[in-house]
1. Just name one of 119, 159, 6: the one whose Cα is farthest towards the positive end of the charge dipole of the chain (beta-carbon charges, Lys/Arg +1, Asp/Glu -1).
2. Which ³J(HN,Hα) values, rounded to whole Hz and listed in residue order, are derived for segment 40-50 from phi using the Karplus coefficients 6.51, -1.76 and 1.60 in 6.51 cos²θ - 1.76 cosθ + 1.60 with θ = phi - 60°, glycine and proline given as x?
3. Taking neighbour counts of Cβ atoms within 10 Å as a proxy for exposure, in what order, fewest first, do 78, 126 appear?
4. Looking at the chain, which longest stretch skips every one of the GluC sites (Glu not before Pro) that is in a DSSP loop with at most 13 other Cβ atoms within 10 Å, leaving the sites themselves out?
5. Kindly provide the helix-only [θ] at 222 nm of the chain, computed as the sum of -39,500 (n - 2.57) over DSSP H runs of four or more divided by all residues, to the nearest 500 deg cm²/dmol?
6. Taking K and R as +1 and D and E as -1, what net charge do the other residues with C-beta under 13 Å from the C-beta of residue 16 add up to?
7. Over all alpha-carbon pairs in segment 1-87, figure out the percentage whose distance exceeds 14 Å.
8. Would you mind checking the pairs 105/145; 57/167; 4/167; 87/167; 105/170; 76/105 and listing those with alpha carbons more than 26 angstrom apart?
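Read the figures in this text as sums done on the coordinates, not as results from a lab. Every value quoted in this text rests on a predicted model; they were computed, and no experiment measured them. Every residue, glycine as well, gets a Cβ built from its backbone with ideal geometry; the counts of neighbours run over all protein chains shown.
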Amino acid sequence: MDLKELEELYLKRQSCREFSDMVVPDEVITEICRVALLAPSAMDAQPWQLIAVTGEKRAEVLKGMQRMGMNKFASKASAIVVIASDKSGGLMKVGEIFKENEFVKNDLGILTAHLVLAAEAAGVGSCIIGWRDEERIREVLGLKKNVCIPEVVALGYPAEGYPVRPKKRKPFEEVFTLVK
Ligand SMILES: Cc1cc2nc3c(=O)[nH]c(=O)nc-3n(C[C@H](O)[C@H](O)[C@H](O)COP(=O)(O)O)c2cc1C
């Protein structure tokens, strides 16, 4: 894949807020997660867990994602992928102390980016959802208190005719500087 093809993938990837009734097979969801988990992480700590919820539990997890009427579209998603980290991991603790930095959230953000791009490459629409009730999702999935969930991702086939929106990004000159 060259840069042009990668750009095309980036342009096609968008937050999908209208899913079709067609179910994405579990195998496809699993493959997307497997590929996304090739993401890099600080000190290769891989401080993450991906929990793909596709069955009955999906409805329960969804209740933890809808705040003030937001994110209702996610109810038609084939899968909700929970991006989680057990903060008690030994290697992460050492890393945080040494670098005096909170790497875990960066690592999970990078994983999330890999996930949505992998989904797009598989023809599956996605939407990152930051509005989530961590406590509720932990409860539904039986996760320990120290597990943090910075975001979840809704996955599903886009509804028929769902348009690819042009990207509205800040002017390149405003956000890029070349220093020699
Ligand atoms: C950390 C994060 C949290 C987000 N949370 C939500 C959300 O709760 N609901 C939603 O509809 N979109 C959410 N989005 C999607 C953004 O609104 C979207 O990425 C942005 O508007 C750019 O549009 P695009 O993804 O279509 O390129 C989130 C994106 C990120 C990166």
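1. The residue sitting farthest along the positive end of the dipole is 159.
2. x, 8, 4, 6, 6, 5, 6, x, 9, 9, 10
3. Details: 78 23, 126 27.
Fewest-to-most ranking of 78, 126: 78, 126.
4. Working: sites that count: 56, 100, 102, 160.
Longest stretch, sites excluded: 103-159.
5. Working: 7 runs with 69 residues, N = 180.
Per the formula, -11000 deg cm²/dmol.
6. Values: positive: 12, 13, 17, 76, 165; negative: 18, 120, 160.
So the environment of residue 16 carries a net charge of +2.
7. On the way: 2761 of 3741 pairs.
Everything past 14 Å amounts to 74 percent.
8. On the way: 105/145 17 Å; 57/167 34 Å; 4/167 16 Å; 87/167 35 Å; 105/170 24 Å; 76/105 28 Å.
From 105/145; 57/167; 4/167; 87/167; 105/170; 76/105, over 26 Å: 57/167; 87/167; 76/105.
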